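Throughout, read-outs are computed from the coordinates displayed, never taken from laboratory work. Fair warning: this is a prediction, and the values are worked out from it, not measured in the lab. Note: ideal-geometry Cβ built from the backbone for every residue, glycine included; neighbour counts use all protein chains shown.
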Amino acid sequence: MKKHIYTVFAFAVFAASALASPVTDLQVKVPFAFKAGGSVLPAGTYTVTELNSGYLLIRGEKGGVFVPRSSVLLDTDESGKTSVNFNRAGDKYVLQSVRSEK
């Protein structure tokens, strides 16, 4: 039981320190369920925050997930629009990149 409490506490400390230093905040609307990191997120509107800690925080109405920055491409789009790209395998989608407006 103590190990579980320490794990929850460590995650809370990590989350608090990561949230203290956001670099970029983007709003994206995704019309289907998708996988980001190790989690499957339902369709919805999400805020993608790039953190100085090397992670992205992807949060929506039903929760959020931390994703290593190295696993998702985050850059600017030449067209000036925010866009989200996915890899598709059958009816499954995996987040590949988030491109922000210039």
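Quick rundown of the values:
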| read-out | value |
| --- | --- |
| Label-to-label distance, nm, for residues given as Q27 and S71 (7 Å Cα→Cβ offset) | 2.7 |
| Residue-wise HN-Hα coupling along segment 49-56, computed from phi with Karplus coefficients 6.51, -1.76, 1.60 (Hz; x: Gly, Pro) | 10, 7, 10, 4, 6, x, 10, 9 |
| Positive minus negative residues near G44 (Lys, Arg vs Asp, Glu; Cβ under 12 Å) | +2 |
| Computed E for N52/R88 - FRET, C-beta separation, R0 41 angstrom, nearest 0.05 | 0.85 |
| Placed amide H near F32: partners under 5 Å, 5+ positions off or other chain | G44 |
